[in-house]
1. Assuming a ≥ b ≥ c are the square roots of the Cα gyration tensor eigenvalues, decide whether the range A:89-193 counts as rounded (a/c under 1.5), prolate (otherwise, with a/b larger than b/c) or oblate.
2. Under a GNM of chain A (C-alpha, springs under 10 Å), which listed residue has the highest mean-square fluctuation: A:Gly345, A:Gly224, A:Gly103?
3. Carbon and sulfur: what percent of chain A's accessible surface (1.4 Å probe)?
4. Show A:Lys357, A:Lys364 ordered by accessible area, largest first, where the area counts protein heavy atoms only and the probe is 1.4 Å.
5. Taking a quarter of the surface of the Cα convex hull of the protein assembly as shown, what do you get in nm²?
6. For the range A:253-391, with only Lys/Arg (+1) and Asp/Glu (-1) charged at the beta-carbon, what is the dipole magnitude about the Cα centre, in debye rounded to 20?
7. With the calculation restricted to Cα positions, what are the radius of gyration and Dmax of chain B in angstrom?
8. What list of ³J(HN,Hα) couplings, whole Hz, do you get for the range B:9-22 from phi and the Karplus terms 6.51, -1.76, 1.60, once you set θ to phi - 60° and write x for glycine and proline?
Amino acid sequence: MTRILVVVGAGLCGGAAVQALRGEGFDGRIVMVGAEPHLPYERPPLSKEYLRGEQDRDALFLWPESAYSENDIEVRLETRVLALHPDGPAVELEGGERIDAEGVLLATGGRPPLLGGEPSDRVLTLRTVEDADRIRAALDGAGRLVVVGAGFIGAEVAASARGLGVEVTMLEMLDVPLVRAIGEEMGKVYAAIHRDHGVDLRTGESVKAVEEDSGGDVVVIGVGIEPNVDLARDAGLEVDDGVVVDGRCRTSAAGVFAAGDVARHDHPLFGPLRVEHYDNALKQGAAAARSMLGRDEVFDDPHWFWSDQYDVNLQVAGFASSWDRTVVRGSIEDLDFAVFFLRDGVLLSVLGVNRGKDVRRAMKLIAARARPDPGSLADQEVDLRTLVPAS
Amino acid sequence: MAERVAGRDDIPVGEMRSFEVGGREVAVANADGTFYAFEDECTHQFCRLSEGDIEGDRVICACHGSEFDLETGDAVNPPATEPVETYSISVEGDDLLVDLG
(Lines give C-alpha, C1' and ligand atoms only; values in the text may rest on other atoms or scores of the structure.)
Protein backbone atom coordinates (compact mmCIF):
# COMPACT_ATOMS: atom_id res chain seq x y z
CA MET A 1 0.00 0.00 0.00
CA THR A 2 1.26 3.45 -0.88
CA ARG A 3 2.34 5.53 2.07
CA ILE A 4 0.74 9.00 2.23
CA LEU A 5 1.83 12.14 4.06
CA VAL A 6 -0.34 15.27 4.06
CA VAL A 7 0.85 18.80 4.73
CA VAL A 8 -1.93 21.24 5.60
CA GLY A 9 -0.80 24.74 4.66
CA ALA A 10 1.07 25.92 1.58
CA GLY A 11 3.04 28.74 3.13
CA LEU A 12 6.81 28.63 3.53
CA CYS A 13 6.59 26.14 6.36
CA GLY A 14 4.52 23.71 4.32
CA GLY A 15 6.77 24.26 1.32
CA ALA A 16 9.89 23.56 3.35
CA ALA A 17 8.26 20.44 4.75
CA VAL A 18 7.32 18.88 1.41
CA GLN A 19 10.72 19.65 -0.07
CA ALA A 20 12.39 18.07 2.97
CA LEU A 21 10.19 14.97 2.80
CA ARG A 22 11.30 14.31 -0.76
CA GLY A 23 14.85 15.40 0.00
CA GLU A 24 15.01 12.83 2.80
CA GLY A 25 14.03 10.09 0.39
CA PHE A 26 10.35 9.55 1.20
CA ASP A 27 8.94 7.88 -1.91
CA GLY A 28 5.22 7.68 -1.10
CA ARG A 29 2.52 10.22 -1.94
CA ILE A 30 2.97 13.76 -0.65
CA VAL A 31 -0.10 16.02 -0.68
CA MET A 32 0.14 19.72 0.18
CA VAL A 33 -3.15 21.56 0.68
CA GLY A 34 -3.28 25.35 0.82
CA ALA A 35 -6.07 27.90 1.17
CA GLU A 36 -4.24 30.59 -0.80
CA PRO A 37 -4.20 30.49 -4.62
CA HIS A 38 -0.37 30.47 -4.74
CA LEU A 39 2.50 28.08 -4.27
CA PRO A 40 4.51 28.86 -1.11
CA TYR A 41 5.97 32.34 -1.27
CA GLU A 42 8.09 34.59 0.90
CA ARG A 43 6.27 36.99 3.16
CA PRO A 44 9.20 39.12 4.40
CA PRO A 45 9.27 41.29 1.23
CA LEU A 46 5.52 42.04 1.53
CA SER A 47 6.18 44.80 4.06
CA LYS A 48 9.41 45.92 2.41
CA GLU A 49 10.76 45.46 -1.13
CA TYR A 50 7.53 44.17 -2.64
CA LEU A 51 5.40 46.82 -0.93
CA ARG A 52 7.70 49.55 -2.22
CA GLY A 53 7.51 48.16 -5.75
CA GLU A 54 11.17 47.15 -5.85
CA GLN A 55 10.55 43.43 -6.22
CA ASP A 56 8.33 41.54 -8.65
CA ARG A 57 5.76 39.02 -7.56
CA ASP A 58 7.62 36.28 -9.43
CA ALA A 59 10.64 36.79 -7.18
CA LEU A 60 8.60 35.93 -4.07
CA PHE A 61 8.55 32.22 -4.83
CA LEU A 62 11.29 30.36 -3.01
CA TRP A 63 10.89 27.17 -5.02
CA PRO A 64 9.96 27.16 -8.71
CA GLU A 65 6.90 25.26 -9.89
CA SER A 66 9.23 22.51 -11.13
CA ALA A 67 10.37 21.80 -7.56
CA TYR A 68 6.87 20.45 -6.94
CA SER A 69 6.12 18.81 -10.29
CA GLU A 70 9.52 17.13 -10.61
CA ASN A 71 9.33 15.92 -7.02
CA ASP A 72 5.87 14.53 -7.62
CA ILE A 73 4.26 16.62 -4.91
CA GLU A 74 0.48 16.84 -5.22
CA VAL A 75 -0.47 20.45 -4.66
CA ARG A 76 -4.07 21.45 -3.92
CA LEU A 77 -4.37 25.22 -3.87
CA GLU A 78 -7.39 27.34 -2.96
CA THR A 79 -8.57 24.35 -1.02
CA ARG A 80 -9.50 24.34 2.63
CA VAL A 81 -9.19 21.40 4.93
CA LEU A 82 -12.55 21.15 6.66
CA ALA A 83 -11.69 18.58 9.28
CA LEU A 84 -8.85 16.65 10.79
CA HIS A 85 -9.60 13.20 12.13
CA PRO A 86 -6.93 12.41 14.67
CA ASP A 87 -7.56 8.68 14.56
CA GLY A 88 -5.80 7.44 11.52
CA PRO A 89 -5.14 10.29 10.94
CA ALA A 90 -7.17 11.64 8.04
CA VAL A 91 -8.13 14.99 6.57
CA GLU A 92 -11.34 16.04 4.90
CA LEU A 93 -11.01 18.53 2.06
CA GLU A 94 -13.39 21.13 0.78
CA GLY A 95 -15.19 19.31 -2.02
CA GLY A 96 -15.59 16.12 -0.05
CA GLU A 97 -12.32 14.29 -0.60
CA ARG A 98 -10.98 12.40 2.40
CA ILE A 99 -7.33 11.44 2.59
CA ASP A 100 -6.22 8.81 5.05
CA ALA A 101 -2.58 9.37 5.79
CA GLU A 102 0.30 7.94 7.74
CA GLY A 103 1.11 11.43 8.97
CA VAL A 104 -0.39 14.92 8.85
CA LEU A 105 1.56 18.13 9.36
CA LEU A 106 -0.35 21.23 10.41
CA ALA A 107 1.42 24.25 8.95
CA THR A 108 -1.63 26.47 8.94
CA GLY A 109 0.05 29.71 9.98
CA GLY A 110 -2.02 32.53 11.36
CA ARG A 111 -4.25 35.46 10.51
CA PRO A 112 -3.87 39.09 11.50
CA PRO A 113 -6.60 40.42 13.79
CA LEU A 114 -8.64 43.41 12.60
CA LEU A 115 -9.35 44.70 16.12
CA GLY A 116 -13.06 44.93 15.39
CA GLY A 117 -12.51 47.07 12.29
CA GLU A 118 -14.41 46.24 9.14
CA PRO A 119 -12.09 45.20 6.32
CA SER A 120 -12.19 47.74 3.52
CA ASP A 121 -9.98 49.45 0.96
CA ARG A 122 -8.70 51.74 3.69
CA VAL A 123 -8.66 49.50 6.78
CA LEU A 124 -6.14 46.79 6.09
CA THR A 125 -3.98 44.07 7.52
CA LEU A 126 -0.93 42.39 6.03
CA ARG A 127 -0.47 38.69 5.60
CA THR A 128 -0.84 37.78 1.94
CA VAL A 129 0.49 39.13 -1.32
CA GLU A 130 -3.02 40.41 -2.10
CA ASP A 131 -2.98 42.30 1.21
CA ALA A 132 0.30 43.92 0.17
CA ASP A 133 -1.20 44.90 -3.19
CA ARG A 134 -4.18 46.51 -1.44
CA ILE A 135 -1.94 48.44 0.95
CA ARG A 136 0.21 49.64 -1.93
CA ALA A 137 -2.85 50.78 -3.89
CA ALA A 138 -4.22 52.57 -0.82
CA LEU A 139 -0.90 54.29 -0.10
CA ASP A 140 -0.74 55.73 -3.60
CA GLY A 141 -3.64 58.04 -2.79
CA ALA A 142 -3.27 58.25 0.96
CA GLY A 143 -3.35 61.50 2.89
CA ARG A 144 -1.80 59.73 5.81
CA LEU A 145 -1.07 56.20 6.91
CA VAL A 146 -2.03 55.23 10.43
CA VAL A 147 -0.25 52.11 11.59
CA VAL A 148 -1.70 50.36 14.60
CA GLY A 149 1.05 48.49 16.44
CA ALA A 150 4.77 49.27 16.43
CA GLY A 151 5.88 45.66 16.26
CA PHE A 152 8.02 44.47 13.37
CA ILE A 153 5.33 44.22 10.67
CA GLY A 154 3.77 47.56 11.53
CA ALA A 155 7.15 49.25 11.76
CA GLU A 156 8.27 47.84 8.42
CA VAL A 157 5.11 49.05 6.73
CA ALA A 158 5.66 52.46 8.35
CA ALA A 159 9.26 52.58 7.12
CA SER A 160 8.25 51.55 3.59
CA ALA A 161 5.49 54.18 3.53
CA ARG A 162 7.93 56.86 4.63
CA GLY A 163 10.19 55.71 1.80
CA LEU A 164 7.27 56.28 -0.58
CA GLY A 165 6.79 59.78 0.82
CA VAL A 166 3.64 59.07 2.81
CA GLU A 167 2.97 60.76 6.16
CA VAL A 168 2.82 58.15 8.90
CA THR A 169 1.34 58.04 12.38
CA MET A 170 2.12 54.90 14.35
CA LEU A 171 0.13 54.01 17.45
CA GLU A 172 1.59 51.72 20.07
CA MET A 173 -0.19 50.41 23.13
CA LEU A 174 3.01 50.07 25.17
CA ASP A 175 4.86 53.07 26.58
CA VAL A 176 8.01 51.80 24.89
CA PRO A 177 7.67 49.73 21.71
CA LEU A 178 8.91 46.13 21.86
CA VAL A 179 9.80 46.58 25.52
CA ARG A 180 8.99 42.98 26.37
CA ALA A 181 11.11 41.63 23.53
CA ILE A 182 14.18 43.85 23.68
CA GLY A 183 13.93 45.91 26.88
CA GLU A 184 13.36 49.57 27.60
CA GLU A 185 16.72 50.93 26.47
CA MET A 186 16.63 49.19 23.09
CA GLY A 187 12.92 49.90 22.66
CA LYS A 188 13.72 53.60 22.98
CA VAL A 189 16.49 53.33 20.39
CA TYR A 190 13.98 51.68 18.06
CA ALA A 191 11.40 54.42 18.72
CA ALA A 192 14.01 57.09 18.00
CA ILE A 193 14.87 55.52 14.63
CA HIS A 194 11.25 55.95 13.53
CA ARG A 195 10.89 59.46 14.89
CA ASP A 196 14.15 60.44 13.16
CA HIS A 197 12.56 59.31 9.90
CA GLY A 198 9.51 61.48 10.40
CA VAL A 199 7.07 58.98 11.87
CA ASP A 200 4.62 60.47 14.35
CA LEU A 201 5.00 57.67 16.88
CA ARG A 202 2.52 57.83 19.74
CA THR A 203 3.10 55.38 22.56
CA GLY A 204 0.77 54.34 25.38
CA GLU A 205 -2.16 54.57 22.97
CA SER A 206 -4.81 51.88 23.11
CA VAL A 207 -6.98 51.63 20.03
CA LYS A 208 -10.63 51.36 21.06
CA ALA A 209 -12.21 51.31 17.62
CA VAL A 210 -11.28 51.62 13.98
CA GLU A 211 -13.73 53.54 11.82
CA GLU A 212 -13.54 54.87 8.32
CA ASP A 213 -14.13 58.55 7.84
CA SER A 214 -14.32 60.81 4.83
CA GLY A 215 -10.65 61.81 4.98
CA GLY A 216 -7.98 60.10 2.94
CA ASP A 217 -6.38 58.23 5.79
CA VAL A 218 -5.42 54.61 5.47
CA VAL A 219 -5.17 52.31 8.47
CA VAL A 220 -2.92 49.27 8.60
CA ILE A 221 -3.37 47.10 11.66
CA GLY A 222 -0.18 45.26 12.52
CA VAL A 223 -0.64 43.69 15.91
CA GLY A 224 0.68 40.20 15.25
CA ILE A 225 -1.29 37.13 14.27
CA GLU A 226 -3.75 34.71 15.75
CA PRO A 227 -2.57 31.16 15.05
CA ASN A 228 -4.92 29.13 12.87
CA VAL A 229 -5.64 26.44 15.43
CA ASP A 230 -9.25 25.74 14.42
CA LEU A 231 -8.60 22.36 12.79
CA ALA A 232 -6.51 21.17 15.72
CA ARG A 233 -8.92 22.44 18.34
CA ASP A 234 -11.93 20.91 16.62
CA ALA A 235 -10.07 17.61 16.45
CA GLY A 236 -9.47 17.70 20.18
CA LEU A 237 -5.73 18.27 20.03
CA GLU A 238 -4.02 20.16 22.82
CA VAL A 239 -4.03 23.88 22.01
CA ASP A 240 -2.55 26.74 24.05
CA ASP A 241 -1.75 29.86 22.04
CA GLY A 242 -0.92 27.54 19.18
CA VAL A 243 -0.97 23.83 18.57
CA VAL A 244 1.05 22.30 21.38
CA VAL A 245 3.95 20.14 20.15
CA ASP A 246 6.90 18.50 21.83
CA GLY A 247 10.53 19.03 20.87
CA ARG A 248 10.04 16.80 17.82
CA CYS A 249 7.02 18.77 16.54
CA ARG A 250 4.57 16.02 17.57
CA THR A 251 1.08 17.10 18.67
CA SER A 252 -0.98 15.32 21.31
CA ALA A 253 -2.42 13.06 18.56
CA ALA A 254 -0.31 10.24 17.16
CA GLY A 255 0.75 10.87 13.57
CA VAL A 256 -0.18 14.55 13.67
CA PHE A 257 2.56 17.16 13.69
CA ALA A 258 2.65 20.95 13.68
CA ALA A 259 5.28 23.54 12.76
CA GLY A 260 5.80 27.20 11.95
CA ASP A 261 3.65 30.12 13.08
CA VAL A 262 0.90 27.85 14.38
CA ALA A 263 3.04 25.60 16.59
CA ARG A 264 3.74 26.11 20.26
CA HIS A 265 6.95 24.12 20.36
CA ASP A 266 8.68 22.81 23.46
CA HIS A 267 12.11 24.25 22.80
CA PRO A 268 14.99 22.60 24.66
CA LEU A 269 16.72 25.94 25.27
CA PHE A 270 13.80 28.27 25.89
CA GLY A 271 10.79 26.16 26.92
CA PRO A 272 7.37 26.33 25.20
CA LEU A 273 7.50 28.96 22.49
CA ARG A 274 5.50 29.97 19.43
CA VAL A 275 7.60 31.82 16.87
CA GLU A 276 6.21 33.94 14.00
CA HIS A 277 9.29 34.26 11.83
CA TYR A 278 10.55 33.26 8.40
CA ASP A 279 13.62 31.31 9.42
CA ASN A 280 11.64 29.26 11.91
CA ALA A 281 8.96 28.48 9.35
CA LEU A 282 11.60 27.04 7.03
CA LYS A 283 13.72 25.22 9.59
CA GLN A 284 10.93 23.94 11.80
CA GLY A 285 8.96 22.82 8.73
CA ALA A 286 11.92 20.77 7.57
CA ALA A 287 12.51 19.42 11.08
CA ALA A 288 8.86 18.38 11.39
CA ALA A 289 9.17 16.59 8.06
CA ARG A 290 12.12 14.61 9.34
CA SER A 291 10.20 13.84 12.49
CA MET A 292 7.30 12.52 10.36
CA LEU A 293 9.79 10.12 8.82
CA GLY A 294 10.74 8.86 12.25
CA ARG A 295 14.03 10.66 12.65
CA ASP A 296 14.82 11.00 16.33
CA GLU A 297 15.71 14.68 16.29
CA VAL A 298 14.70 17.43 18.66
CA PHE A 299 14.36 20.82 16.96
CA ASP A 300 16.82 22.97 18.90
CA ASP A 301 17.61 25.79 16.48
CA PRO A 302 18.22 28.93 18.58
CA HIS A 303 15.80 31.01 16.45
CA TRP A 304 16.76 34.01 14.42
CA PHE A 305 15.04 36.80 12.52
CA TRP A 306 15.76 40.07 10.83
CA SER A 307 13.84 43.25 10.22
CA ASP A 308 14.95 45.89 7.71
CA GLN A 309 13.65 49.40 8.39
CA TYR A 310 15.04 52.41 6.52
CA ASP A 311 18.78 51.70 6.36
CA VAL A 312 18.76 49.74 9.59
CA ASN A 313 19.24 45.97 9.56
CA LEU A 314 18.04 44.63 12.87
CA GLN A 315 18.52 41.01 13.83
CA VAL A 316 17.64 39.01 16.89
CA ALA A 317 18.74 35.51 17.80
CA GLY A 318 17.71 33.40 20.76
CA PHE A 319 14.91 34.17 23.17
CA ALA A 320 14.82 35.74 26.61
CA SER A 321 11.61 36.28 28.55
CA SER A 322 13.66 37.88 31.30
CA TRP A 323 17.29 38.71 31.87
CA ASP A 324 19.46 40.09 34.65
CA ARG A 325 22.24 41.61 32.60
CA THR A 326 22.77 43.25 29.25
CA VAL A 327 26.11 43.86 27.57
CA VAL A 328 26.62 46.30 24.69
CA ARG A 329 29.24 45.76 22.00
CA GLY A 330 29.84 48.65 19.61
CA SER A 331 28.19 52.05 19.40
CA ILE A 332 24.49 52.59 20.06
CA GLU A 333 24.82 56.22 18.95
CA ASP A 334 26.17 55.17 15.54
CA LEU A 335 23.53 52.41 15.20
CA ASP A 336 26.34 49.89 14.92
CA PHE A 337 26.08 47.57 17.88
CA ALA A 338 24.98 44.29 19.39
CA VAL A 339 23.32 43.85 22.78
CA PHE A 340 23.60 40.57 24.63
CA PHE A 341 20.91 39.44 27.09
CA LEU A 342 22.10 37.14 29.87
CA ARG A 343 20.45 35.42 32.81
CA ASP A 344 22.49 33.76 35.53
CA GLY A 345 25.49 34.21 33.30
CA VAL A 346 23.96 32.26 30.38
CA LEU A 347 23.65 34.06 27.06
CA LEU A 348 19.99 33.77 26.02
CA SER A 349 19.55 36.31 23.27
CA VAL A 350 21.29 38.89 21.13
CA LEU A 351 19.99 41.94 19.28
CA GLY A 352 22.16 43.36 16.52
CA VAL A 353 21.71 46.67 14.76
CA ASN A 354 23.74 46.58 11.54
CA ARG A 355 25.73 43.79 13.21
CA GLY A 356 24.71 40.60 11.43
CA LYS A 357 28.08 38.95 11.90
CA ASP A 358 28.00 39.38 15.67
CA VAL A 359 24.46 38.00 15.82
CA ARG A 360 25.39 34.96 13.75
CA ARG A 361 28.43 34.25 15.89
CA ALA A 362 26.46 34.75 19.10
CA MET A 363 23.91 32.17 17.89
CA LYS A 364 26.57 29.53 18.36
CA LEU A 365 27.07 30.69 21.94
CA ILE A 366 23.32 30.62 22.60
CA ALA A 367 22.99 27.12 21.13
CA ALA A 368 25.84 25.97 23.37
CA ARG A 369 24.23 27.52 26.50
CA ALA A 370 27.51 29.37 26.90
CA ARG A 371 28.37 31.59 29.86
CA PRO A 372 30.64 34.03 28.08
CA ASP A 373 32.70 36.54 30.00
CA PRO A 374 30.75 39.85 29.77
CA GLY A 375 33.97 41.82 29.34
CA SER A 376 34.86 39.70 26.31
CA LEU A 377 31.40 40.20 24.80
CA ALA A 378 31.82 43.95 25.09
CA ASP A 379 35.38 43.98 23.75
CA GLN A 380 35.28 44.40 19.97
CA GLU A 381 38.82 43.10 19.73
CA VAL A 382 37.58 39.71 20.93
CA ASP A 383 36.37 37.38 18.16
CA LEU A 384 33.06 35.97 19.43
CA ARG A 385 33.92 32.64 17.79
CA THR A 386 36.64 32.14 20.37
CA LEU A 387 34.07 32.25 23.20
CA VAL A 388 32.26 29.07 22.17
CA PRO A 389 32.95 26.49 24.88
CA ALA A 390 34.73 23.33 23.81
CA SER A 391 32.18 20.54 23.49
CA MET B 1 44.48 37.38 -16.81
CA ALA B 2 45.42 36.58 -13.23
CA GLU B 3 45.96 39.53 -10.95
CA ARG B 4 47.69 39.56 -7.57
CA VAL B 5 45.26 40.64 -4.84
CA ALA B 6 47.15 39.88 -1.64
CA GLY B 7 49.81 37.82 0.02
CA ARG B 8 48.69 34.39 1.14
CA ASP B 9 49.37 35.31 4.77
CA ASP B 10 47.26 38.46 4.58
CA ILE B 11 43.97 36.55 5.01
CA PRO B 12 43.90 34.35 8.11
CA VAL B 13 41.93 31.11 8.29
CA GLY B 14 38.20 31.79 8.65
CA GLU B 15 38.48 35.35 7.33
CA MET B 16 37.49 37.21 4.16
CA ARG B 17 38.74 40.34 2.46
CA SER B 18 37.30 42.40 -0.36
CA PHE B 19 39.33 43.56 -3.37
CA GLU B 20 38.62 45.47 -6.52
CA VAL B 21 39.71 43.43 -9.51
CA GLY B 22 39.08 44.63 -13.04
CA GLY B 23 36.34 46.97 -11.84
CA ARG B 24 34.54 44.27 -9.83
CA GLU B 25 34.27 43.76 -6.12
CA VAL B 26 35.75 40.38 -5.36
CA ALA B 27 35.66 38.60 -2.01
CA VAL B 28 38.52 36.30 -1.13
CA ALA B 29 37.91 33.74 1.61
CA ASN B 30 40.29 31.51 3.48
CA ALA B 31 38.35 28.39 4.49
CA ASP B 32 40.71 26.22 6.51
CA GLY B 33 43.65 27.04 4.29
CA THR B 34 41.82 26.76 0.97
CA PHE B 35 41.20 30.04 -0.80
CA TYR B 36 38.05 30.95 -2.72
CA ALA B 37 37.18 34.03 -4.78
CA PHE B 38 33.65 35.18 -5.65
CA GLU B 39 31.58 38.23 -6.37
CA ASP B 40 31.34 40.31 -3.20
CA GLU B 41 27.60 40.89 -3.46
CA CYS B 42 24.77 38.74 -2.18
CA THR B 43 22.22 37.95 -4.88
CA HIS B 44 19.37 38.54 -2.41
CA GLN B 45 19.69 42.16 -1.29
CA PHE B 46 23.19 43.04 -2.48
CA CYS B 47 24.97 43.03 0.88
CA ARG B 48 28.72 42.48 0.88
CA LEU B 49 29.39 38.80 1.41
CA SER B 50 32.87 39.60 2.75
CA GLU B 51 31.15 41.12 5.79
CA GLY B 52 29.58 37.76 6.56
CA ASP B 53 31.13 34.56 7.82
CA ILE B 54 32.55 31.32 6.52
CA GLU B 55 31.21 28.07 7.88
CA GLY B 56 32.62 24.89 6.47
CA ASP B 57 32.34 25.10 2.70
CA ARG B 58 29.83 27.96 2.74
CA VAL B 59 29.82 31.72 2.98
CA ILE B 60 26.91 33.17 4.97
CA CYS B 61 25.57 36.64 4.28
CA ALA B 62 25.47 38.79 7.41
CA CYS B 63 22.29 40.62 6.39
CA HIS B 64 19.70 37.88 5.93
CA GLY B 65 21.47 34.56 6.31
CA SER B 66 21.66 33.47 2.68
CA GLU B 67 24.32 30.80 2.19
CA PHE B 68 26.41 30.05 -0.87
CA ASP B 69 28.64 27.11 -1.72
CA LEU B 70 32.20 28.48 -1.85
CA GLU B 71 33.20 26.11 -4.61
CA THR B 72 30.24 26.48 -6.99
CA GLY B 73 28.60 29.73 -5.87
CA ASP B 74 25.23 27.97 -5.65
CA ALA B 75 22.66 29.38 -3.25
CA VAL B 76 22.25 26.60 -0.70
CA ASN B 77 20.16 28.39 1.91
CA PRO B 78 17.48 31.05 1.38
CA PRO B 79 16.44 33.78 1.11
CA ALA B 80 18.86 33.96 -1.87
CA THR B 81 17.98 31.63 -4.72
CA GLU B 82 20.39 32.79 -7.43
CA PRO B 83 24.10 31.78 -7.39
CA VAL B 84 26.97 34.21 -6.94
CA GLU B 85 29.67 34.28 -9.56
CA THR B 86 32.85 32.48 -8.56
CA TYR B 87 36.35 33.22 -9.88
CA SER B 88 39.44 31.12 -10.10
CA ILE B 89 42.09 31.82 -7.50
CA SER B 90 45.56 30.40 -7.23
CA VAL B 91 48.48 30.57 -4.84
CA GLU B 92 51.79 31.27 -6.47
CA GLY B 93 54.64 31.46 -4.04
CA ASP B 94 53.46 33.88 -1.37
CA ASP B 95 50.87 35.53 -3.61
CA LEU B 96 47.14 35.10 -4.15
CA LEU B 97 46.14 35.54 -7.79
CA VAL B 98 42.55 36.03 -8.96
CA ASP B 99 41.50 35.43 -12.55
CA LEU B 100 38.15 36.82 -13.63
CA GLY B 101 38.34 34.60 -16.73
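The values are calculated or read from the model by the stated rules, or taken from the named source; none is laboratory data. Values in this document were obtained by computation on a predicted structure and should not be read as measured data. As a convention, Cβ positions derive from the backbone with ideal geometry for all residues, glycine included, and neighbour counts pool all protein chains shown. Side chains included, ligands, DNA and RNA excluded: accessible areas come from the protein's heavy atoms. Shrake-Rupley method; radii C 1.70, N 1.55, O 1.52, S 1.80 Å.
1. Details: a/c = 3.06, a/b = 1.65, b/c = 1.85.
Here the range A:89-193 falls in the oblate category.
2. Comparing A:Gly345, A:Gly224, A:Gly103 in the GNM, the peak value goes to A:Gly345.
3. Details: 7450 of 16550 Å².
It is 45 percent, rounded to a whole number.
4. Values: A:Lys357 60, A:Lys364 95 Å².
Correct descending sequence by accessible area is A:Lys364, A:Lys357.
5. Values: hull surface 100.5 nm².
Across all orientations, the protein assembly as shown yields a mean hull projection of 25.1 nm².
6. Details: 16 positive and 20 negative charges, 92 e Å.
Here the size comes out at about 440 debye.
7. Cα radius of gyration and Dmax of chain B are 12.4, 39 Å respectively.
8. Calculated HN-Hα couplings, in order: 8, 6, 10, x, 4, x, 10, 10, 9, 10, 9, 9, 10, x Hz.
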